[in-house]
Amino acid sequence: MKFSFAQLLRGSLALATGVALSQARGQAAGVDVAPADAWPMYRGTASLTGVSESKLDTSLKPLWTFKAKEGIHSTAAIAGGKVYVGCDDGHLYALDFKTGKKRWSFKTDDIVESSPLVHNDHVYFGSSDGFVYAVASKNGRLLWKFETEDRVLGAPNLFEPSGGGVKPALIVGSYDFRLYSLDLDSGKSNWHYETANYINGSPAVSSGRTAFGGCDAVLHVIQLAEGKKEKQIDAEAYIVGSAAVVDDMAYIGHYENEFLCIDIKAGKIA
């Protein structure tokens, strides 16, 4: 199913209204919802729906400002009283949630466009220096780093299996054309999956699989326990953004001005 901009706008308003109503009733069936007191990763949850239990004050105003040395492309993560954000000056910054004062910073060798993920006192993120990093959320101490063969611009995601025998893992793409599954504690690679071009966005994780696009114009659906391919759906144009997944449907746009709804199970555009 393909949407024009006007159709997308109307649909987005309807979806937003539906989510708001379902939250008001305490029900958000099929939608992965972030807790009200945290935003621990890009778009809030592993399925990248961008929905939160929190309610924003309609009279928004600045509470504090943090001045960085260069631009910020990274999206902030919020957890444990801190705000974590990457910067074009090569740093990951940890800021006090209430005051905006710097608590600590960690220096990489290139731009940090990747949005961080916070899990179990670790902060995970990528850098344009080609590394994926894990640092301690308390003080920014390096825990491990994993080297890919090119830039890491997209946010890492978290795979938490429901069954036994498979450990949780960090899922992240690189400009080296590969999607990686990394051990959360050691950073060692569990497996990697080869594509035909750059992976720019963040992989959406839902129901034991990931759905992600790339500059090969394909939406890839991968089984996360072993990194096996389930589906490849031709999107007919570069994909640089990240899909949102609800009820086995992936929603994503591409470079030819279209927004797609893709049926993951059927392996086709709906």
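Taken together, the values in this text are just the output of simple stated rules run on the coordinates, not laboratory data. Since the model is a prediction, treat every value here as computed from it, not as a measurement. All Cβ positions, glycine included, derive from the backbone under ideal geometry; neighbour counts span all protein chains shown.
Using the Cα coordinates of the chain, the gyration tensor eigenvalues translate into equivalent-ellipsoid semi-axes of 27, 24, 18 Å, sorted from longest to shortest.
In the structure shown, the pairs K82/K167; K67/K98; K145/K265; K69/K188; K55/K107 are assessed against 23 Å; a Cα-Cα span above that value is assigned to K82/K167; K145/K265; K69/K188; K55/K107. Applying 0.36 nm per residue to the separation of W64 and D183 and subtracting their alpha-carbon distance, the gain on full extension is 39.2 nm.
Geometric descriptor of segment 50-192, per residue, is 124 Å³ (volume of the convex hull of the Cα atoms).
For segment 191-216, the residues whose backbone nitrogen is under 15 Å from a point 7 Å from the Cα of D248, taken along Cα to Cβ, are 206-211.
Net charge near S74: determine it from the other residues with C-beta under 11 Å of the C-beta of S74, scoring Lys and Arg +1 and Asp and Glu -1. My count for the surroundings of S74 gives -2. Working note: 222 nm ellipticity from helices only, DSSP H runs with n ≥ 4, each -39,500 (n - 2.57), summed and divided by the residues of the chain, gives -2500 deg cm²/dmol to the nearest 500. Each of T45, T195 has some number of other Cβ atoms within 10 Å of its Cβ, and from fewest to most they run T195, T45. Net charge within 13 Å of S47 by Cβ-Cβ distance, Lys/Arg positive one each and Asp/Glu negative one each, not counting S47 itself? Once all neighbours under 13 Å are counted, the net charge is -2. The residues packed around Y84, meaning those with a beta-carbon under 13 Å from its beta-carbon, carry a net charge of +2 if Lys and Arg are +1 and Asp and Glu are -1. Take the Cα of K107, step 7 Å toward its Cβ, do the same at Y255, and the gap between the two points is 3.6 nm. Annotation: amide H of L143 within the under-5 Å range of A134, V135, A136, sequence separation 5 or more or interchain, hydrogens built in the peptide plane. Here, segment 92-163 is characterised by an Rg to Rh ratio of 0.99, where Rg is the alpha-carbon radius of gyration and Rh the Kirkwood radius.
Think of segment 160-242 as having a plus end and a minus end, set by charges on the Cβ of Lys, Arg, Asp and Glu; of H192, G163, A237, G163 sits farthest toward the positive end of this dipole.
Label positions at E236 and A270, each projected 7 Å from the Cα along the C-beta direction, are separated by 1.8 nm.
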